[in-house]
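Engineer: Here it is, the structure, as structure tokens.
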Amino acid sequence: MGTNKKSVMVIGGGIAGIQASLDLAEQGIEVKLIEKNACIGGRMAQLDKTFPTNDCSICILAPKLAECFRHPSIQLYTLSEVKDISGEAGNFKVKILKKARYVKEEECINCGTCIEKCPMRVDDEFDMLLRKRRAIYIDYVQGVPSIVTIDRDNCLFFTKGACRICEKVCEREAIDFEQQDEEVELNVGSIIVATGYDIFNPEYIETLGYGRFPNVVTALEFERLICASGPLGGHLLRPSDKAEPKKLAFINCVGSRDIKNNPYCSSCCCMYTTKEAMIAYEHDNELETSIFYIDLRAAGKGFRDYIERGHNEYAINYIKGKVAKILQDEANNPVIVYEDINTSKVKQIKFDLVILATSMVPKKDASKLSNILGVELDEYNFFKGGFYHPQKSSKEGIFLCGACREPMDIPNSVIDGSGAAAKAAEIVMRE
Ligand SMILES: Cc1cc2nc3c(=O)[nH]c(=O)nc-3n(C[C@H](O)[C@H](O)[C@H](O)COP(=O)(O)OP(=O)(O)OC[C@H]3O[C@@H](n4cnc5c(N)ncnc54)[C@H](O)[C@@H]3O)c2cc1C
Ligand code: SF4
Ligand code: SF4
């Protein structure tokens, strides 16, 4: 068992967990960073660019990923999940299940030969199922750690006892089908939860046609569609016929501020739809884009100016309108039927592609983790923070940061990560 009580466990390697880990490590505190996926990075790694600066998302994230990987005070546990916890603030004992990667971490150099030769193709979750990956894969090109992983559920060796091509082609002899899942015990002084968010499934709002109409996609799918490292190599085409769309519509608040689904505001969508419309315009400045909104919540510093720029420099047409439904014509063009809030008239407009800004929702397994940790969730199933100390959970010694607490953008997740790190450090420094 790791016996250093002066260490902190951070659960979740998205931007919030990464920032918390780096802040703690810089103070000389040992960090155990637990990530469920094969690579750290979280949702930010999936984004093309980020508002309000429109910086390339992976370009600003990659140095932090590398710093986390190289920092002598940070120990990464990928493919790992917390199974059990006991003890109290200052002295928690935690059991982690670390799943087998079937690749020797110290041998793999991510040369890609095995990926190229693997015959098994499966839907790629990182690319929102918009392309296929192999059964041996890396989450994304710049993924950290830079090591491949075998997806046991889809690998032909594990499912049919056949193949082993990856083993034959790997000159480093890095493949190890004998690896077993391991249980690791850790002793830590405090814990930070940074498990992030999921995306609302717009199929629940049947009138929007998502899942039935090929040219209705979610905003996260759009991030991948427009990204240079995405399935279309950054050349925006619509899914049904691979034609270049000329008329795009974004619909804000899909599943948010909606008493039938999620009554809360997802806080980022007004800004990221403007960002996505700007990026689309940069790809093709003949594009016509419209954003349907209930009201624009541009509360951050410079956010209102960003929206103004969207209108003035990127020709975005902001339509104050409540979308009732989406229809589809015979050429697979989505037709938005909406109530124009200014005139109270019902209108309809045809588009080539419609993008839904779906709600940020709690992780599916938030209740399971809250039971293991013994911390409370709020009425929506986000982790519940304190009123005066939002990063404090209901249990002493366990802190919260980022979108697992409530929907928030990247700058706020970074602030939150630093806040939680400061609180977690107080406990271990006291010991
Ligand atoms: C379409 C879209 C576009 C956006 N664009 C922008 C933008 O331009 N600018 C901006 O500021 N914000 C943007 N955002 C918001 C941004 O994605 C979030 O602010 C940010 O990702 C929150 O970071 P996080 O670390 O809290 O969570 P996440 O990014 O969700 O990371 C959580 C991490 O925890 C891991 N994890 C989850 N559960 C467990 C578990 N049980 N055990 C271990 N690990 C676990 C996950 O695998 C993941 O790596 C956008 C959001 C969407 C949906
Ligand atoms: S497992 Fe071997 S072949 Fe595959 S990426 Fe790693 S080093 Fe290359
Ligand atoms: S053994 Fe599995 S991972 Fe390896 S090449 Fe075959 S299908 Fe792919």
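The values are calculated or read from the model by the stated rules, or taken from the named source; none is laboratory data. Nothing here was measured: the structure is a model prediction, and the numbers come from that model. A quick note on method: Cβ atoms are made from the backbone with ideal geometry, for glycine too, and the neighbour counts reach across all protein chains shown.
Engineer: Which one of these does Ile192 not meet: (1) in the same structural domain as Glu244 (by TED's automatic domain parsing); (2) within 13 Å of ligand 1 (Cβ to nearest atom); (3) aliphatic (A, V, I, L, M)?
Structural biologist: Condition not satisfied by Ile192: (1).
Engineer: What pairs can you find where one residue is in segment 146-164 and farther than 11 Å from Phe177 by Cα, the other is more than 8 Å from ligand 3 (Cβ to nearest atom) and assigned to a helix (DSSP H, G or I), and their Cβ atoms are less than 8 Å apart, with a gap of 6+ or different chains?
Structural biologist: Taking only residues 6 or more apart or on different chains, the pairs are Val148/Ile115; Asp153/Thr159.
Engineer: Before we move on, is Cys111 modelled with pLDDT of 95 or more, assigned to a loop (DSSP other than H, G, I, E, B), surrounded by fewer than 16 Cβ atoms within 10 Å (Cβ to Cβ) and more than 21 Å from the chain's Cα centre (by Cα)?
Structural biologist: yes
Engineer: Still on this model: Mind checking which residues of segment 121-140 are within 14 Å of ligand 2 (Cβ to nearest atom), over 11 Å from Gln46 (Cα atoms) and part of a loop (DSSP other than H, G, I, E, B)?
Structural biologist: The answer is Ala135, Ile138.
Engineer: Scan segment 336-358 and give yes if some residue there is more than 16 Å from ligand 3 (Cβ to nearest atom), at positive phi, without any contact (Cβ under 8 Å) to a residue 12 or more places away in the chain and assigned by TED's automatic domain parsing to the domain that holds Asn261, otherwise no.
Structural biologist: yes
Engineer: So which of Ile341, Ile326, Ile372 ends up being more than 26 Å from Ala299 (Cα to Cα), hydrophobic (A, V, I, L, M, F, W, C) and surrounded by fewer than 20 Cβ atoms within 10 Å (Cβ to Cβ)?
Structural biologist: Just a single option satisfies the conditions, and that option is Ile372.
Engineer: Sticking with this one: Could you go through segment 65-80 and let me know if any residue there is surrounded by 15 or more Cβ atoms within 10 Å (Cβ to Cβ), within 16 Å of ligand 2 (Cβ to nearest atom) and in a loop (DSSP other than H, G, I, E, B).
Structural biologist: The answer is yes; a qualifying residue exists.
Engineer: Please pick out the residue among Ile58, Ile74 that is at pLDDT 95 or above and closer than 29 Å to Gly302 by Cα.
Structural biologist: Ile58
Engineer: Can you tell me how many residues in segment 3-38 are in a loop (DSSP other than H, G, I, E, B) and surrounded by 24 or more Cβ atoms within 10 Å (Cβ to Cβ)?
Structural biologist: The qualifying residues number 4.
Engineer: Could you check, for segment 344-358, whether at least one of its residues is surrounded by fewer than 21 Cβ atoms within 10 Å (Cβ to Cβ) and farther than 30 Å from Pro239 by Cβ?
Structural biologist: For segment 344-358, residues surrounded by fewer than 21 Cβ atoms within 10 Å (Cβ to Cβ) and farther than 30 Å from Pro239 by Cβ: present.
Engineer: Give Lys104, Lys36 a once-over and let me know the one that is of a type in the set (Lys, Arg), within 23 Å of the chain's Cα centre (by Cα) and not assigned by TED's automatic domain parsing to the domain that holds Cys268.
Structural biologist: Going through Lys104, Lys36 in turn, the sole match is Lys36.
Engineer: A further question on this structure: If the requirement is being within 30 Å of Ser266 (Cα to Cα) and of a type in the set (D, E, K, R), which of these qualifies: Asp181, Asp176, Asp198?
Structural biologist: The unique qualifying residue is Asp198.
Engineer: Pick out, from segment 312-431, the strands (runs of 3 or more DSSP E) lying fully within it that include 1 or more residues that are of a type in the set (A, V, I, L, M, F, W, C) and touching a Leu at 6+ places or on another chain (Cβ under 9 Å).
Structural biologist: Strands (runs of 3 or more DSSP E) meeting the threshold: 316-328, 334-340, 353-358, 398-400.
Engineer: On to the next question. Scan Ile165, Ile226, Ile192 and give me the residue that is under 30 Å from Ile85 (Cβ atoms) and of a type in the set (A, V, I, L, M, F, W, C).
Structural biologist: Step by step, each of Ile165, Ile226, Ile192 is checked, and only Ile192 is under 30 Å from Ile85 (Cβ atoms) and of a type in the set (A, V, I, L, M, F, W, C).
Engineer: Spot the failing condition for Thr274; the list is (1) in contact with an Asp or Glu (Cβ under 7 Å, 6 or more places away or on another chain); (2) within 17 Å of Glu223 (Cβ to Cβ), and only one is missed.
Structural biologist: Result: Thr274 fails condition (1) only.
Engineer: Let me ask something additional. What are the residues in segment 395-422 that are in contact with a Ser or Thr (Cβ under 9 Å, 6 or more places away or on another chain) and either under 17 Å from Val82 (Cβ atoms) or outside the structural domain of Glu26 (by TED's automatic domain parsing) (or both), if any?
Structural biologist: Of everything in segment 395-422, those that are in contact with a Ser or Thr (Cβ under 9 Å, 6 or more places away or on another chain) and either under 17 Å from Val82 (Cβ atoms) or outside the structural domain of Glu26 (by TED's automatic domain parsing) (or both) turn out to be Gly397, Ile398, Phe399, Leu400, Cys401, Gly402, Cys404.
Engineer: Okay, moving on. Suppose we keep only residues that are away from ligand 3 (no atom under 14 Å from the Cβ) and out of contact with any Phe, Trp or Tyr (no Cβ under 9 Å at 6 or more places or on another chain) within segment 151-193. Which one would you say is farthest from Gln19 (Cα to Cα)?
Structural biologist: That would be Glu171.
Engineer: Within segment 158-187, take every residue that is within 30 Å of the chain's Cα centre (by Cα) and part of a helix (DSSP H, G or I) and give me the one that is surrounded by the most Cβ atoms within 10 Å (Cβ to Cβ).
Structural biologist: Cys166
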